[in-house]
1. Mind checking the full-extension length gain between Lys66 and Lys563? Use 0.36 nm per residue of separation minus the Cα-Cα distance, one decimal, nm.
2. So if R0 is 56 Å, what FRET efficiency would Glu426 and Gln29 give, r being the distance between their Cβ atoms, rounded to the nearest 0.05?
3. Distance check, please: which entries in Lys416/Lys563; Lys398/Lys719; Lys30/Lys398; Lys7/Lys265 exceed 27 angstrom between their Cα atoms?
4. How much FRET efficiency would the formula 1/(1 + (r/R0)^6) give for Ile712 and Leu163, where r is the Cβ-Cβ distance and R0 is 35 Å, rounded to 0.05?
5. Hey, can you rank 471-482, 241-252 by average C-beta count inside 10 Å, highest first?
6. In nanometres, what is the gap between the two model label sites at Thr534 and Ala687, each 7 Å from Cα along Cα-to-Cβ?
7. How much length, in nm to one decimal, is gained on full extension between Asn492 and Ser37, taken as 0.36 nm per residue of separation minus their Cα-Cα distance?
8. Between Arg466 and Ser300, 0.36 nm times their residue separation minus their Cα-Cα distance comes to what?
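Readers should treat all values here as calculations from the given coordinates under stated rules, not as data from a laboratory. Not measured: the values here are computed from a predicted model. Here the Cβ positions follow ideal geometry from the backbone for every residue, glycine too, while neighbour counts run over all protein chains shown.
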Amino acid sequence: MGQIIVKHILPGRVRFQIPLLKKNKGLAQKLQSFLSSLPATVLADITPVSGSAVIYYRADKLTASKLYCLIGSFLDQQAGQNSQVAAAVAGRQEKQTYQEPAELPIPLQIAQVAFGGLVLLGLTVKHYLRKTPANHGGKLLNLCSATTLLAGYPILRSGINGLLKEKRLNNDLLISAATLVALGMGEGLTALVVVWLVNLSELLQAVTLDRSRRAIGELLSNKNEQAWLLADGTQVAVPVESLKPGDTVVVHTGGKIPVDGRVTKGTAAVNQAPITGESVPVYKQPGDQVYAGTVVEQGSVYILSEKVGDSTALSRIIHMVEEAGSKRAPIQKLADSYAYKIVPVSFLLAALVFTLTRDIHRTMTILIVACPCAAGLATPTAISAAMGNAASRGILVKGGCYLEAAGRLDTVLFDKTGTLTEGRPEVSTYVSLDDNYSPEQILALAAAGEMHTNHPLAQAVVNKARESREEIPGYQDKEVIPGKGLKVVIENETLLIGNDRLMQEAQIDYGHARHFAQEMSGRGESIIFIAKQTRVIGLIGVRDTLRQQSRQAIHLLKATGIKEIGLVSGDNKQCALAVGSGLGLQDIWADMLPEDKVKIVREKQSKGKVVAMVGEGINDSPALAAADIGIAMGVKGTDVAVESADVVLAGDDPVKVAQLIQLSQKTMQVIRQNFAFAIGANVLGIALGTLKIISPFTSALMHNASTLAVVINSARLIKYGKNKQAEK
């Protein structure tokens, strides 16, 4: 069985990492077909570039372990049938019997276009100096024909492969037919112009896509080959892949941080742009979080490793970007459908024109000008440019479909803690209601239960307990109760730690604590109850501060046309009102459980609203999955929230939500412009060609001018909004 790694499991959803699928598109397609054929499979999404397989399935009919076995059996079966797969399993590399032609590197494309341009220039100069038709004249014309065949061979091969292997007529077959007809008629110059302009447009497209992928390439290049490990007080150079959680690494000026962790010693200015999109270095000191892939621009820091390798924020970002290409926008599917249908129509139209007129020049004109190259590029070039733009600003969109949907949003719902607030709450009050415990002991008990819990409130309690120097006991068992709190066993005694809803459901007596709780809520504090047996023994009040960017985010969302902005919080009513009213929000929901948040999302959707949910905690995950667009705070967000979301904000800035919507709206505007220009050029060209108003040469110029215009128009998205925090 080939290696299969379980990366993440949710009820009804599992993600496997299958290295065998990488760069083996054929096997990936077979596996997707196999999984899709299973009765219990809802959706199978295979991404060859990253070797990822995400399967949604009916949990009542199938299990993740059964899927694991089915995939393993399938791979073993394929290994027995296919020598290429068997070689990959054995770790060998064998030549494939057939490979799709690789795209030429940009330098070779430049050389190809330059050489073709020189030949065209030579013919033009000869024409003007000798006053002879450019399509006549010996050796130079022979060179012209040879150049056409050489430069046009990849186009011809693609056209024939599309016909023979995919059983369909494609753009390249149209171009090839027109070129061969031109050469057969002795129109060498026209044939070369057609091929040269196609190559030029492909070069510009490649340059545009290369620029839009540059931000992603920078992420991938941020992998160190070695790191400085602190071992027995000595800094030792070791491979990054050998690092493990708990190691202490040292990074000096100019070095890249190889792990996610916390600074334990030293200070430094750290460039976090690869992760958060921030342009200004951030000052780091002991206790601060740092991330793999970021760069120490000044200073030196000792870092205690928490996450390494594929677990780091950087690796998660890279994985999401790699998988994004498989989720195509609906409008892109529409463009593909148009291009797919228009090619046979173009052949039929050309045949009809030839049948009626017997004019080969007019027929060739129709073949050239009717080619839907520009329409086919209208969407992918714009989506690719926009995705690169978003990635460079720390907005990771998991697919073009989500980028398109963001522009249709009219409702945005925010979680409170860690989303609109700093997510760095501090314990402001802690009281004991039992004479057997001091306030510090109450704090230590709560910290014992909250230890290893990735939630801002939990971290605040643990940090405060450490400051108090009270010994934090270990726990024997713990059960997290989403949206309410947790049950923990400490020193053989069961404690409940959480909100008032947890106390009510467990029938805990907290009447004696009500006065303290109301007083703390009135100050805008979130309250954590600590109960033993049937009685509350202590209270902890935690206060969070509003993010500086939150007001700007709300203002910009309104400016983009978002009609409804709401706050959906699991916190108490007083805290939620304090934050929501401070931001000028009218729709505020408090004391929300995960299922309550989902219910609110569903209610909005039932009224025809297109809803985005923004959050970062486990409690938000169901609502993130239910919303039309789920947006997670990726760096500090929980793994479950990030997995459930469609868009991940690598930083903590809610303004990026508005930037995403603005970018989506601009992208859709550019795509509509591209379609209008491309289809308009096709229709106009066909009309002019049919009436013999334009020649094959002019039709080639017209066709490729529309293609170039689409590519150049899409390229504008690469820089859109980058020099402003958000465009209005």
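1. Working: separation 497, 0.36 × 497 = 178.92 nm, distance 4.54 nm.
Additional length available on full extension: 174.4 nm.
2. Working: r = 53 Å, r/R0 = 0.95.
The pair Glu426/Gln29 has a calculated efficiency of 0.60.
3. Values: Lys416/Lys563 19 Å; Lys398/Lys719 20 Å; Lys30/Lys398 23 Å; Lys7/Lys265 33 Å.
Long pairs (Cα-Cα over 27 Å): Lys7/Lys265.
4. Numbers: r = 31 Å, r/R0 = 0.88.
So the FRET efficiency works out to roughly 0.70.
5. Working: 471-482: 14.0, 241-252: 16.6.
Order by mean packing, descending: 241-252, 471-482.
6. For the pair Thr534/Ala687, the computed spacing is 8.7 nm.
7. Working: separation 455, 0.36 × 455 = 163.80 nm, distance 5.08 nm.
Extra length available between Asn492 and Ser37 comes to 158.7 nm.
8. Numbers: separation 166, 0.36 × 166 = 59.76 nm, distance 2.57 nm.
Stretched out fully, the Arg466 to Ser300 stretch lengthens by 57.2 nm.
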